[in-house]
């Protein structure tokens, strides 16, 4: 499990770190951005150190068995501390946040010092990259180390979850609020890891074999931490997905109008900003798609005005009777009629035969927005094609 989940989570964390470091270069250092960078940095390091191959490589580098466990745990303590500092900066006045953060950092520095001391008193000489705490559960130093570490994790998870839910109600931005709620859920999930780690200590003294619970502990820790990572990064990338979806919808609409726009723009080239082209680049590019879609709708409507002089009165009655007989009703009927009028007007234009008594060309439903107008013309375009 560690070989798969932890490297993936480490990549997410370091990607978030690189993204946020770019923000630090663009503006005056913001305490919240600095805290968030530390969240990603410590999260990435903790996941990296928990990966067996990195665990063993770290032992070889420092010459201390299981030193990766200590580094990973210290990173987790600093991670949850950074998360709390970030939330304090967001939810309190600057002076209050500074005082609370200073007190928190002093306490967590003492905790880190105690963990380092207990680790070296434990002297874990046997390399255990997958079940370190279960293997050393018999040691009183391991029990003290683990209970302090779990106490810090538990208190932090509850506090982080409370602050996230509290701040999410007043965040004002949808994706920020969603991300905070996901961080809160991830924090509660990590409590499963804390419960099982506490059970490791108690289980040993009761004569229980806790190896079977190890995968559950790792899963709770990994899933909870991954959920928090996604939550912290969500406000950055989720809006981009919304923009991408909107651009794709606009592109599909732009392409969907092509069967209607091309013959109209060819018949009335004076209304087209861009001469109809069949090049691959013009077909596939998404550049300025919102503006291009807007221009395409306007050019179609301008072509309607030009072709109205070629619209014969009898076409409307014939098209209405034919399509009603085929069972069309409502907007489908209106779109089919309008498409027939356009085809007849284009044919008359090619023959250079203006109608002696031109009829109205098309009568779309009441369109109050560009989206409504585009939707209607797409319906006409399908009928026309």
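The values are calculated or read from the model by the stated rules, or taken from the named source; none is laboratory data. This structure is a prediction, so every number in the text was calculated from the model and none was measured. A quick note on method: Cβ atoms are made from the backbone with ideal geometry, for glycine too, and the neighbour counts reach across all protein chains shown.
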**Study point:** Search result, residues across region 115-134 that are assigned to a helix (DSSP H, G or I), surrounded by fewer than 18 Cβ atoms within 10 Å (Cβ to Cβ) and modelled with pLDDT under 90
**Key:** 120, 121
Practice item. Output the residue which, of all residues in region 215-236 that are over 22 Å from the mean Cα position of the chain (by Cα) and surrounded by fewer than 19 Cβ atoms within 10 Å (Cβ to Cβ), is modelled with the highest pLDDT. Key: 219
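Kindly indicate whether residue 362 is part of a helix (DSSP H, G or I) and at pLDDT below 85.
Numbers: part of a helix (DSSP H, G or I): no; at pLDDT below 85: yes.
No; evaluated as a whole, the condition is false for this residue.
Is it the case, given these coordinates, that residue 26 is surrounded by fewer than 23 Cβ atoms within 10 Å (Cβ to Cβ), in the same structural domain as residue 234 (by TED's automatic domain parsing) and modelled with pLDDT of 90 or more?
Details: surrounded by fewer than 23 Cβ atoms within 10 Å (Cβ to Cβ): yes; in the same structural domain as residue 234 (by TED's automatic domain parsing): yes; modelled with pLDDT of 90 or more: no.
Spelling it out, it is not the case that residue 26 is surrounded by fewer than 23 Cβ atoms within 10 Å (Cβ to Cβ), in the same structural domain as residue 234 (by TED's automatic domain parsing) and modelled with pLDDT of 90 or more.
In this structure, is residue 286 surrounded by 11 or more Cβ atoms within 10 Å (Cβ to Cβ), modelled with pLDDT of 85 or more and closer than 19 Å to residue 370 by Cβ? First the steps, then the outcome.
Working: surrounded by 11 or more Cβ atoms within 10 Å (Cβ to Cβ): yes; modelled with pLDDT of 85 or more: no; closer than 19 Å to residue 370 by Cβ: yes.
Here the answer is no, as residue 286 does not meet what is asked.
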